[in-house]
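Engineer: If you scroll down you'll find the structure; I have some questions about it.
What follows is calculated from the coordinates using simple rules that are stated; it is not laboratory data. Note that the structure is predicted; figures quoted are calculated from it, not measured. No Cβ is skipped: glycine too gets one built from the backbone with ideal geometry, and neighbour counts run over all protein chains shown.
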There are 2 protein chains.
Amino acid sequence: MPHAGFKQFCPVAMAAEILCTRWTMVLLRELIAGSTRFNDLRRGVPKMSPTLLSQRLKDLEAAGIVRRYEIPRKKGLYEYRLTPAGEDLRPVVEAVGIWGQRWVESQLSLKNLDPSLLMWDMRRNLNPQPLPNRRTVIQLMYPELPVSKRTWWLLVDPPGSVDLCWDDPGFDIDLFVTTDLRTMTAIWMGLTSVEKESSKIDLVGDKAVARSMQQWLGLSPFAAEAKRVP
Amino acid sequence: MPHAGFKQFCPVAMAAEILCTRWTMVLLRELIAGSTRFNDLRRGVPKMSPTLLSQRLKDLEAAGIVRRYEIPRKKGLYEYRLTPAGEDLRPVVEAVGIWGQRWVESQLSLKNLDPSLLMWDMRRNLNPQPLPNRRTVIQLMYPELPVSKRTWWLLVDPPGSVDLCWDDPGFDIDLFVTTDLRTMTAIWMGLTSVEKESSKIDLVGDKAVARSMQQWLGLSPFAAEAKRVP
DNA sequence: CAGTATCCTATCCGATACTG
DNA sequence: CAGTATCGGATAGGATACTG
């Protein structure tokens, strides 16, 4: 009988029974990063089937880690929110992420490029502060990708709203960024920098916005952690 | 195809691919607690089949987390030791254990009683310091258990050696402890104390050793973490 | 002591399509 | 939008016995 428990009273074992099932840690990361709606979660774990996502959310609910609420005055819309027990998983997910950033070889991570995921994360962490105090539109283009995933727009509306579009929003573009997905991902992960990769990045448009790119690009939460793998 | 990767460059996902497979977290706890030999590891994860243990150790080796050494001058004896990457997993395992101690209901943990595991852990964490400065022998008895698992002996030899026996070592006994496994486990986990459970524990022998039981019993590494489940 | 070898199956999971 | 329904298949892993 695969997947009985570990039969250990140890808290590590008990917790691992809940936390260390396939996809769970990744889903928790997504919840902790702030996604609450089913389809937002799907975006964050695109390779997970909706059936399994649904299943895992139920498991987490049964474990007291998330709760499902209907949004007030919106019939049929739901939110998954972390309970205090769920919030308290933040140190766990952080520890896992820090270890991954330190010890997993970049080559391996960079085998899993995914523009939707990257852009979704960039949207989440983008820092509007260095940008002009007006609506700013940045177009990112990865020429090597098929048309449907090639071009993306980030709309930044002061003071803090950031939107991601995969269709031309029609506004004037402040900055055109053209590069390859691997370079952009490596920068976002903190493995390199805009400056170091300047030969691989083409920036056209507002000089100030271009110059502050490394700043407004909010990097991965783990970007500051240096690689330790020998 | 079950069990491909998550296809995410995120360090949490990359790390989870390595760390969140079945048994791995529990095995890591055992390695971090200090077990190095194959059969010691088996003792720490008794419900894991040797085949799978062997498999996981190979996986961990491939991931750069453990290394296998032949013990010098002892042909055929091996040790599994954590690499720096493995040592750096300590914060991960700690975070998982702390969360488990805080949020997993005691009832659930205490469904997984196991005298061998408990005694093995008691041996590891026992604190000889409050004991007399001579060889001290403590007999633990769980009358409800079958004979083969009923009686255990802890041999403490100053300054720091602690042995566990499951056959009468023959020495004079300083303290006879008789209780039930659930009570002893709950105490060891920090869920209650020797004093609170005094009605369920029978202590016969050296008064001083009996009185300092709560002290020399080295508790679980997570015992200090208070339950938070509502 | 330190593992292999073998067998077998329960179950997890991926894929796809569909619904209120 | 927020999930369910259904299906098949791979495989992880449990049980047990055995070996140098």
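Engineer: Evaluate peptide B:77-87: per residue, the Cβ atoms of other protein chains within 10 Å of its Cβ; return the mean as an integer.
Structural biologist: Partner-chain Cβ atoms within 10 Å, mean over residues of B:77-87: 1.
Engineer: Also, quick follow-up: In which sequence would A:K227, B:K47 go, from the one with the fewest C-beta neighbours within 10 Å to the one with the most?
Structural biologist: The fewest-first ordering by Cβ neighbours comes to A:K227, B:K47.
Engineer: Oh, and also: Among residues other than A:D163 whose Cβ falls under 11 Å from its Cβ, what is the net charge (Lys/Arg +1, Asp/Glu -1)?
Structural biologist: Taking every Cβ under 11 Å from that of A:D163, the sum is +1.
Engineer: Turning to a different aspect of this structure: Along the Cα→Cβ direction, 7 angstrom out, place labels at B:I173 and A:N127. What is the inter-label distance in nm?
Structural biologist: Calculated label separation equals 6.6 nm.
Engineer: What are the distances, in nm and sorted shortest first, from the label point of A:M141 to the label points of the same position in each other copy, with each label point placed 7 Å from Cα along the Cα-to-Cβ direction?
Structural biologist: Spelled out, the distances from A:M141's label point are 8.5 nm.
Engineer: To two decimal places, what compactness ratio does chain A give when its Cα radius of gyration is scaled by 2.2 N^0.38 Å? Could the numbers behind the result be given before it?
Structural biologist: On the way: Rg = 19.6 Å, N = 230, 2.2 N^0.38 = 17.4 Å.
In units of the globular-protein estimate, chain A measures up at 1.13.
Engineer: Could you give each residue of the stretch A:205-210 its phi-based ³J(HN,Hα) in whole Hz, using Karplus coefficients 6.51, -1.76, 1.60 with θ = phi - 60°, and x for Gly or Pro?
Structural biologist: Per-residue couplings from phi come out as x, 4, 4, 5, 5, 5 Hz.
Engineer: Return the equivalent ellipsoid semi-axes of the stretch B:11-103 as a descending list in whole Å, where each equals the square root of 5 times an eigenvalue of the C-alpha gyration tensor. Walk me through the intermediate numbers first.
Structural biologist: Values: eigenvalues 103, 43, 33 Å².
Each semi-axis is √(5λ); the values are 23, 15, 13 Å.
Engineer: Distance between the C-alpha centers of the stretch B:194-230 and the stretch B:58-131? Whole Å please.
Structural biologist: If we compute the Cα centre of each part, the gap is 22 Å.
Engineer: Now, a different point. Please report the Cα spread of the stretch B:61-110 along all three principal axes, rounded to whole Å, starting with the longest.
Structural biologist: 47, 24, 16
Engineer: Please report the relative contact order for chain A, taking Cα pairs under 8 Å with a sequence separation of at least 6, and give it as a percent rounded to a whole number.
Structural biologist: Working: 294 pairs, mean separation 38.0, N = 230.
Result for chain A is 17 percent.
Engineer: Return the distance in nm (one decimal) between the two label points of a simple spin-label model at A:Q107 and B:E105, each offset 7 Å from Cα along Cα→Cβ.
Structural biologist: 4.9
Engineer: Using the number of other C-beta atoms within 10 angstrom as an exposure proxy, rank B:R150, A:R56 with the fewest first. List each step's numbers first, then the result.
Structural biologist: Details: B:R150 15, A:R56 21.
Exposure proxy ranking, most exposed first: B:R150, A:R56.
Engineer: Pull up the cross-link candidates among the lysines for B:K74, meaning alpha carbon to alpha carbon under 27 Å and not fewer than 8 places away within one chain.
Structural biologist: Once the sequence-local lysines are set aside, what remains near B:K74 is B:K58.
Engineer: Under a no-solvent Debye model with one identical scatterer per Cα of the stretch B:168-230, what's log10 I(q)/I(0) at q = 0.12, 0.28 Å⁻¹?
Structural biologist: -0.34, -1.28
Engineer: Moving on. Sticking with the crude label model, points 7 Å out along Cα→Cβ, report the distance from A:R42 to B:Y78 in nm, one decimal please.
Structural biologist: Taking the simple label geometry, A:R42 and B:Y78 are separated by 4.6 nm.
Engineer: Using only the alpha carbons of the protein assembly as shown, determine the length spanned along each of the three principal axes and report them from longest to shortest in whole angstroms.
Structural biologist: Taking max minus min along each principal axis of the Cα atoms, the protein assembly as shown gives 89, 62, 40 Å.
Engineer: Please find the FRET efficiency linking A:D202 to A:A224, where r is the Cβ-Cβ separation and R0 is fixed at 25 Å, and quote it to the nearest 0.05.
Structural biologist: Given R0 = 25 Å and the Cβ-Cβ separation, E is 0.40.
Engineer: Let me check I've understood the local charge: for A:R135, count other residues with C-beta under 14 angstrom from its C-beta, Lys and Arg +1, Asp and Glu -1. What total comes out?
Structural biologist: On the way: positive: A:R134; negative: A:D157, A:D163, A:D172, A:D174, A:D206.
In short, -4.
Engineer: No other cysteine beta carbon under 4.7 Å away is the test; run it over the protein assembly as shown and list who passes.
Structural biologist: Here A:C10, A:C165, B:C10, B:C165 come out as lacking a disulfide-compatible partner, given the Cβ-Cβ threshold of under 4.7 Å.
Engineer: Give, as a single signed number, the net charge of other residues whose beta carbon lies under 15 Å from the beta carbon of A:T51, with Lys and Arg counted +1 and Asp and Glu -1.
Structural biologist: Working: positive: A:R22, A:R42, A:K47, A:R56, A:K58; negative: A:D59.
Overall, the nearby charge balance is +4.
Engineer: Based on the Cα coordinates of the stretch A:94-188, what is the per residue volume of their convex hull in Å³?
Structural biologist: For the stretch A:94-188, the hull spanned by Cα atoms encloses 108 Å³ per residue.
Engineer: Something else now. For the stretch B:176-193, take each phi angle, set θ = phi - 60°, evaluate the Karplus expression 6.51 cos²θ - 1.76 cosθ + 1.60, and give the result in whole Hz per residue in order, putting x for glycine and proline.
Structural biologist: Couplings: 9, 10, 10, 7, 9, 4, 5, 4, 4, 5, 4, 5, 5, 7, x, 7, 8, 9 Hz.
Engineer: What does the average come to when, for each residue of peptide B:17-24, you count the partner chain Cβ atoms lying within 10 Å of its Cβ?
Structural biologist: Across B:17-24, the average partner-chain Cβ count within 10 Å equals 6.
Engineer: Also, quick follow-up: Using a label point 7 angstrom from Cα along Cα-to-C-beta, what distances in nm, from shortest up, separate A:F171 from the other copies?
Structural biologist: Those label-point separations list as 7.7 nm.
Engineer: Right, something else. Students often get this wrong: which residues of the stretch B:186-230 have the backbone nitrogen under 17 Å from the point 7 angstrom along Cα-to-C-beta of A:E87?
Structural biologist: The answer is B:228-230, whose backbone nitrogens lie closer than 17 Å to the label point.
Engineer: Taking each label point as 7 Å beyond Cα in the direction of the beta carbon, state the distances from A:S49 to the same residue in the other copies, shortest first, in nm.
Structural biologist: 2.5
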